Amino acid sequence: MMTKILILESATNDLNFICFELDRSGFNYTTINIKLIDEFENAVHNYNPDIILSGYSLMNDNGQEVLKICDRCYPLIPLILIADHIEIENCVALIKNGVSDIILKQNIASLGQKISTTLKTTRADTLPNQCEENLNDKSIYRSLIENSEDAILLTEKDGKILEANNSACQIFKMTEEEFYIFGRFSLVDHNDPSLLALIEERNLTGVAKDELTFNRKDGSSFTGEITSVVFKDIWGHEMTSIKIKDLTQYKKAEKQLAKTAAELQETVNSLNKIMNASMDLIFSVDADKKIVQINSACNSTTGYETQELVGKSYIDFIHNEDKEIIFNADQNVRNGNPIKTFEARVIHKNGTTIYILLSAQWDEDDKLIYCTAKDITEKTKLEKAYKVERERFLDLYNLAPACMGLLKGPNHIHELTNSLYLKFINKKDVIGKSILEVMPEMEDQGIIGLLDSVYNTGVPFIANEMLIQLDSNNNGLLVQTYMNFIYQAHRKSDGKIDGIFVFAIDVTEQVLSRIKIEESEKMYRQLISELPVAAYSCDADGKISFFNKAAAILWDTEPKIGEDSFCGFSKMLDEDGQTIPLHLSPMAISLNEGRIVSGRSGTVERASGERRYVLPHVVPYIDSSGKVTGAVNVVTDITEIKVAQIALELRNSELAFQNQEKEKRAAELSIANKELAYQNKEKENRANELVIANQELAFQNDEKEKRAKELILINIELHKSNKELDRFVYSISHDLRSPLTSVQGLVSIIEEESEEPSTLKHVEMIKNSINRLDEFVKKILIYSRNDRTDLELEIIPVKKTILNIIASLQNMKQAKDIHFEIEVQELSPFCTDKLRFNTIVENLISNAIKYHKPRSSDRFIKVKAVAHKEMMQLEIVDNGIGIPLMYKEKIFDMFFRISSKSEGSGIGLYIVKDTIEKLEGSIKVISQKQAGTTFEINLKNYKKC
Amino acid sequence: MLDPKSKFERVMLIDDNTIDLYITARLMTKYNFGEEIDQYSSAKKALEFLQEKQNDFTKWPQIIFLDIYMPGMSGFEFMAEYNNLSSQLKKFCKVYMISSSIDENDIKRAKNDVNVVDFQVKSLTKEFLNSII
């Protein structure tokens, strides 16, 4: 027969367990399984099971419901409960309410047998037997009672103990019999204040539960939980069931628990303290990445308050660039890979970036990530700064345009070298080697001594453009190299010298090129210096910075370099004879205007007073910025050329004059020719002859022109030897004068000793001739002296001087009856060369005397002189024979005489003009024939003396 | 007209030009200028004479006429040596420089010499001789 079983069980395990047991007991059955109470009624109705099995756990909440359903609809379908554990009281109540049987899971093996029994009982229920039922009930109770761990006692109400189970015996350490004998009162501590309340409650409600103190047989006591229920047995006696649970272990455990809890709290507190005391950040993050807990370091480091952090997503506080990395790390940690030393950036409340070093671990139990972090901002900053510093240093060291190295120890071992150092010495692997090992050629060059000195004294060695010889090609040939060196002692932290810093810069190219420049400058200077043309240079301020020999010769002086300005001439004159001030000199103009000044010749005066004609050519130096930094002047002496030119012009005009004269004569002749032509053939012939003669004259004219040209050439030559001639003239004059004086002496003796009239007459003639010759020689000497000697300036008494001259000249025989008028105004002291002044006045007055009208009353010579601050005007006026207009220009020429009859040598006025020019003056003549002559003279007042 | 007694006992003439020596000596004789006239055509010889006779004042000339331009030793060179002679001699002798030179430098130089009394340009005249006392 097939048994239909309905199982009400929610746990699959338990269901399988039940099915397994059913299968094992060889039961013939079908089954359905209901998991929810709601389906129960329908299932029962549709399936109409023979028996229902139900898990006791389902009964707890809805047991009453199940039982009600069964009781109401299917009272005949038996119900067996399967329980892990069940209280006796509940068993009794359940069975009373209709549960067929209860099976503990530990006794599941009896399931098959129990189902069979239940089914039999149910099927044989046509004749229910109360006794049998009671018997059945009793056996159930017994099994429950016997199996309980709690002490269970059955007593008469407030009377003797009827039954005690095994657990009771063990708890109270008494046998069953002893229970019966001692009774229940001995079990309870009657001093327990809870006892009376318990009994009272039980009497009132039938059930009571409390904790009481119990006594064991051996006198010890324990705390137990007592449940006391009053019930009536089948005979109507009031009975009490007492269950006692030994709470000793529980109490102990409870005490232990409390202690443990306190200790735990304490630990937690101290842990919190430690956490808050930590400088490191400690915090936890939950599964939603929300911050759960933080320590105070989190506040101080991030600047946020606790409430601003807790409950917020930690991602919000991470630097944007680090969010992705953090997200990946987070995933990694949650997969069980804890991380250590993970660097990330966090944004501080004030917006700055904080560097932290994280470690994190996932806690599976708490579903939290525990993190600790260290603030490494300062460290990171320091690291960064250090890195930057280091890179800078390395840059400096490697890119510096200098050889740098560090030599250690007294033997100067290379410890550090930069690339330029290696490149320069052209060696490799020098570190750890001494200077001498790397560069043995240094031994003889004193370098080691210098290094030793720096190492021993600490005094740095600095040298510029030091010549060293280096085997830089590694072939034994030493290359000359110029270096700028610095050797500086390197000191340990204790200040002791342990090495030498070497800095060196190769300046060979600079030095060599400078030497080249210096050499070429020297060559250039030498060239300029030896140049036969005067050349000099001035700086921007016009100070003479250089001049060559030719310049010094031309100037006749050596100016002071850097002091004298613009020019070495004592004076420059323009075309009108006016002095050009220094600041308008060609050099000054060139410096001021930055242009070449050239092409204008001028008259200059040398230190000696000699005048020269020069052609300056000034070229300014202009630097790259367009500024004038100086100028060079090349001065060409064109005096000879000029003189030649003047002579040429003079000759030309003379020739032109002669030509004119000849033309006139030719014209006259031509007229005469024409007149004669009318007379006769002979005369025609003569005319023809005259024409021929004319042609001859023309030819002669040409000849004369040729000769003039030759004369010009001779003139130039003559001028070249002018100087020598001067000296020559001077010594000749002397030598001439010497015999002249002898002759004069002899003539005087003859004159004294002879009384012969004709002899005396002849002697007089000889004397006159000799005097003329002597006069001439004297004048030549004066002229020569004028050119030779420098001015000797002194203040002269003008009037006195003139009077003296006139006094000496009045001895001349022509001076007789001439009236002299002297009118001198000395408005300012007059300073000049006395001898030259005398020469001028003496010559002019003696001329005036000599060329006066021979017979005339009212002959006069007026001398007027006005001395001003700057100059003196001198006027010598006579009413003598005068000078024909045509000779006016020629009277100052050397050896010019108007008539051969005159006594003069033709040199007097030439000397006057020459001397006036020497004294920087001028002379002008106004004359009318037979009316008189006026000489107007201007003389410079030198006034410096 | 002729004084029986000469103006100076001893006169020395130094001139390389013998004609001038002759003229001067003749003038002196004529106008009784000097009793004894020592004529030297070499300044060196004249100097040697003076050096020799430094201690014999009877041979010292009262007047010396000295030419400037002479071969060998010039008048100025003579005066440089003359300056080294004894001061008594220098006090005793009156030196006149006589030259045909009219060069201002020569004249100045001669006049500036402390041992030279005067400079006189040639040719000599009786007026000049008369001016010397």
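Okay, here's what the table says:
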quantity: Failed condition for A:Ile145, given (1) of a type in the set (A, V, I, L, M); (2) within 15 Å of A:Thr213 (Cα to Cα); (3) surrounded by 17 or more Cβ atoms within 10 Å (Cβ to Cβ); calculated: (2)
quantity: Unmet requirement for B:Glu81, which otherwise passes all of (1) within 14 Å of another protein chain (Cβ to nearest Cβ); (2) touching a Leu at 6+ places or on another chain (Cβ under 6 Å); (3) assigned to a helix (DSSP H, G or I); calculated: (1)
quantity: Residue under evaluation B:Met73, criteria (1) over 23 Å from B:Ala25 (Cα atoms); (2) more than 14 Å from every other protein chain (Cβ to nearest Cβ), criterion not met; calculated: (1)
quantity: Yes/no for B:Gln51 being in a helix (DSSP H, G or I), in contact (Cβ under 8 Å) with a residue 12 or more places away in the chain and surrounded by fewer than 19 Cβ atoms within 10 Å (Cβ to Cβ); calculated: yes
quantity: Any hit, the range B:1-9, residues being in a strand (DSSP E or B) and within 14 Å of chain A (Cβ to nearest Cβ); calculated: no
quantity: Verdict on A:Ile226 being assigned to a strand (DSSP E or B), farther than 30 Å from A:Glu146 by Cα and in contact with a strand residue (DSSP E or B) (Cβ under 7 Å, 6 or more places away or on another chain); calculated: no
quantity: Subset of the range B:88-108 that is outside any strand (DSSP E or B) and away from every other protein chain (no Cβ under 14 Å) - its residue that is nearest to the chain's Cα centre (by Cα); calculated: B:Cys93
quantity: Residue check, B:Ile64 over 25 Å from A:Glu753 (Cα atoms), away from chain A (no Cβ under 14 Å), touching a strand residue (DSSP E or B) at 6+ places or on another chain (Cβ under 8 Å) and modelled with pLDDT of 90 or more; calculated: yes
quantity: Residue within the range A:597-611 that is among the polar types (S, T, N, Q), crowded, with 17+ Cβ neighbours inside 10 Å and outside any helix (DSSP H, G or I) present; calculated: yes
quantity: Test: A:Glu364 is closer than 21 Å to A:Leu271 by Cβ and surrounded by fewer than 18 Cβ atoms within 10 Å (Cβ to Cβ); calculated: yes
quantity: Candidate set from the range A:735-759 (those that are without any contact (Cβ under 8 Å) to a residue 40 or more places away in the chain, part of a helix (DSSP H, G or I) and more than 22 Å from B:Leu129 (Cβ to Cβ)); member that is nearest to the other protein chains (Cβ to nearest Cβ); calculated: A:Asp735
quantity: Filter result for A:Ile86 (modelled with pLDDT of 80 or more, in the same structural domain as A:Leu111 (by TED's automatic domain parsing) and surrounded by 14 or more Cβ atoms within 10 Å (Cβ to Cβ)); calculated: no
quantity: Every residue from the range B:110-128 that is part of a helix (DSSP H, G or I), within 14 Å of chain A (Cβ to nearest Cβ) and either closer than 23 Å to A:Asp833 by Cβ or of a type in the set (Asp, Glu) (or both); calculated: B:Glu127
quantity: Residue list for the range A:1-58, filter: of a type in the set (Lys, Arg) and either at pLDDT 80 or above or outside the structural domain of A:Ala109 (by TED's automatic domain parsing) (or both); calculated: A:Lys4
quantity: Unique residue being more than 18 Å from A:Tyr314 (Cβ to Cβ), among the small types (Gly, Ala, Ser), within 33 Å of the chain's Cα centre (by Cα) and not in a helix (DSSP H, G or I) when the list is A:Gly432, A:Gly405; calculated: A:Gly405
quantity: Single residue of A:Glu378, A:Glu441, A:Glu389 found to be of a type outside the set (Ser, Thr, Tyr) and within 30 Å of A:Gln331 (Cα to Cα); calculated: A:Glu378
quantity: Residue in the range B:9-32 that is farthest from the chain's Cα centre (by Cα), counting only those that are crowded, with 22+ Cβ neighbours inside 10 Å and farther than 13 Å from A:Leu746 by Cβ; calculated: B:Met28
quantity: Which numbered condition A:Ile770 misses (of (1) surrounded by fewer than 13 Cβ atoms within 10 Å (Cβ to Cβ); (2) within 14 Å of chain B (Cβ to nearest Cβ)); calculated: (1)
quantity: Search result, residues across the range A:312-353 that are on the phi > 0 side of the Ramachandran plot and touching a residue at least 12 places away in the same chain (Cβ under 8 Å); calculated: A:Gly336, A:Thr341
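The values are calculated or read from the model by the stated rules, or taken from the named source; none is laboratory data. These figures come from a predicted structure and were not determined experimentally. Neighbour counts run over all protein chains shown; Cβ positions are idealised from the backbone, glycine included.
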